[in-house]
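Asker: This is the structure I want to talk about, given as structure tokens.
The values are calculated or read from the model by the stated rules, or taken from the named source; none is laboratory data. Keep in mind the model is a prediction, meaning the values are calculated, not measured. Every residue, glycine among them, receives a Cβ derived from its backbone with ideal geometry; neighbour counts consider all protein chains shown.
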Amino acid sequence: MGYTTELVDEVVQESFESLAAEVGAKIGTKEKRGERRKHPRRVADLPVRFRILLEDGRVFNRGCATVTDIGPGGALLTDFSCARDAFPAQPFLVAFKITAGEFEGIEAECRPVRFSFTPSFGIGVRFETISVRV
């Protein structure tokens, strides 16, 4: 069964607005003075399955992680459990799918923009695409 682009766009937008509301985000606003991000993020606890994709599309690594903060423009992934303890030393994308809860099934393909090491390892990502199965 085919879906129109408008229907898919509408479902994705509604799903993302619902997700943003759940984590307290206000889409397209800056809440605190001096916010560096284009879109502020809010605390979350969303389990995901992820894949690290090389630029040619090959899967470099895969596993589970947790989205610990999220906003309209990106997220922070932490608590990685990987098939192997490695990340590529070349450009890559992170693709993830939320695996539980009200937002189960939402998928994103992201570009890493920041790596953090305290209090634990994390990757800050910027959303390139967001989708949901209808």
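Asker: Being charged (D, E, K, R) and farther than 20 Å from residue 131 by Cα is the requirement here; does residue 45 meet it?
Answerer: On the way: charged (D, E, K, R): yes; farther than 20 Å from residue 131 by Cα: no.
It is false that residue 45 is charged (D, E, K, R) and farther than 20 Å from residue 131 by Cα.
Asker: Got a sec? Which strands (runs of 3 or more DSSP E) wholly within the stretch 39-134 have at least 2 residues that are charged (D, E, K, R)? Full working, then the answer.
Answerer: Working: elements: 42-54, 59-70, 74-82, 92-98, 107-116, 122-131.
Hits in the stretch 39-134: 42-54, 59-70, 107-116, 122-131.
Asker: Give me the pairs, please: first residue somewhere in the stretch 71-94 and at pLDDT 90 or above, second residue anywhere and among the acidic types (Asp, Glu) and surrounded by 15 or more Cβ atoms within 10 Å (Cβ to Cβ), beta-carbon distance under 8 Å, and either six or more positions apart or on two chains.
Answerer: 75/69; 76/69; 93/109; 94/109
Asker: State all residues of the stretch 40-58 that are over 20 Å from residue 105 (Cβ atoms) and among the hydrophobic types (A, V, I, L, M, F, W, C); if no residue qualifies, say none. It would help to see each step written out before you state the result.
Answerer: Just the residues of the stretch 40-58 that are over 20 Å from residue 105 (Cβ atoms), to begin with: 40-43, 52, 54-58.
Across the stretch 40-58, the qualifying residues are 43, 52, 54.
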